[in-house]
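Chemist: First the structure, which I've put down as C-alpha cells, then a few questions once you've had a look.
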Amino acid sequence: MEFVVGGMAITTVGTDGDDRAIEFLVRPQGGAPEGHFAIFCEHDHDWESARLAISPDSGAVPVAAVAWAVEFAREYL
C-alpha cells in the first residue's frame, strides 16, 4: 500500500503476520534519499514492547514518517 503524507510517499513493503512486523519505505520530496525502516512486535508482548529498526544503508528517515507509521502499525500489529 502507498500513502501520501505531507511531502512524502510512504509505502508498506512487507508485512508478516507471524512475526508481527511491517516494513516501510519513505520517499521524501525534493530528491532526498529513500528511507527504509520496520516496526515490529513480538507475539507474546503488548504494543508497548514494539521496536523500530532502521536499515543501516537507509537514507535519513523523517520523524513525521515514523510518527505516521507508528499510528498505522498500532492498527495492524
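We did not get these values from a lab; they are worked out from the coordinates using the rules stated. None of these values were measured; they are calculated from a predicted model. Note that each Cβ is placed from the backbone with ideal geometry, even for glycine, and that neighbours are counted across all protein chains shown.
Chemist: Summing -39500 (n - 2.57) over the DSSP H runs of n ≥ 4 in the chain and dividing by its residue number, what mean residue ellipticity at 222 nm do you reach, to the nearest 500 deg cm²/dmol? Mind showing how you got there, number by number?
Modeler: On the way: 1 runs with 14 residues, N = 77.
Counting only the DSSP helices, I get -6000 deg cm²/dmol.
Chemist: Could you tell me which residue out of VAL5, VAL63, GLY31 lies farthest along the dipole of the chain toward its positive end? Charges go on the beta carbon: Lys and Arg +1, Asp and Glu -1, centred on the Cα centre.
Modeler: About the Cα centre, the residue reaching furthest to the positive side is GLY31.
Chemist: Something else: Explain nothing, just the number: dipole magnitude of the chain about its Cα centre with +1 on each Lys and Arg Cβ and -1 on each Asp and Glu Cβ, in debye rounded to the nearest 20.
Modeler: 380
Chemist: Taking only the C-alpha atoms, wrap a convex hull around the chain and report its volume per residue in Å³ as a whole number.
Modeler: Details: hull volume 6.5 nm³, N = 77.
Value for the chain: 84 Å³ per residue.
Chemist: Hey, rough spin-label estimate for VAL5 and LEU52, points 7 angstrom out along Cα→Cβ, what's it come to in nanometres?
Modeler: Here the modelled spin labels are 1.0 nm apart.
Chemist: Using θ = phi - 60° and the Karplus form 6.51 cos²θ - 1.76 cosθ + 1.60, what ³J(HN,Hα) does each residue of segment 44-53 get, whole Hz, x for Gly and Pro?
Modeler: Here the 3J(HN,Hα) series is 8, 10, 8, 4, 4, 8, 4, 10, 10, 10 Hz.
Chemist: By how many degrees, between 0 and 90 and to the nearest 10, does the Cα long axis of helix 63-76 differ from the longest principal axis of the chain?
Modeler: 40
Chemist: Further question on the same structure: With contacts defined as alpha carbon pairs under 8 Å and 6 or more residues apart, what's the relative contact order of the chain in percent?
Modeler: Result for the chain is 24 percent.
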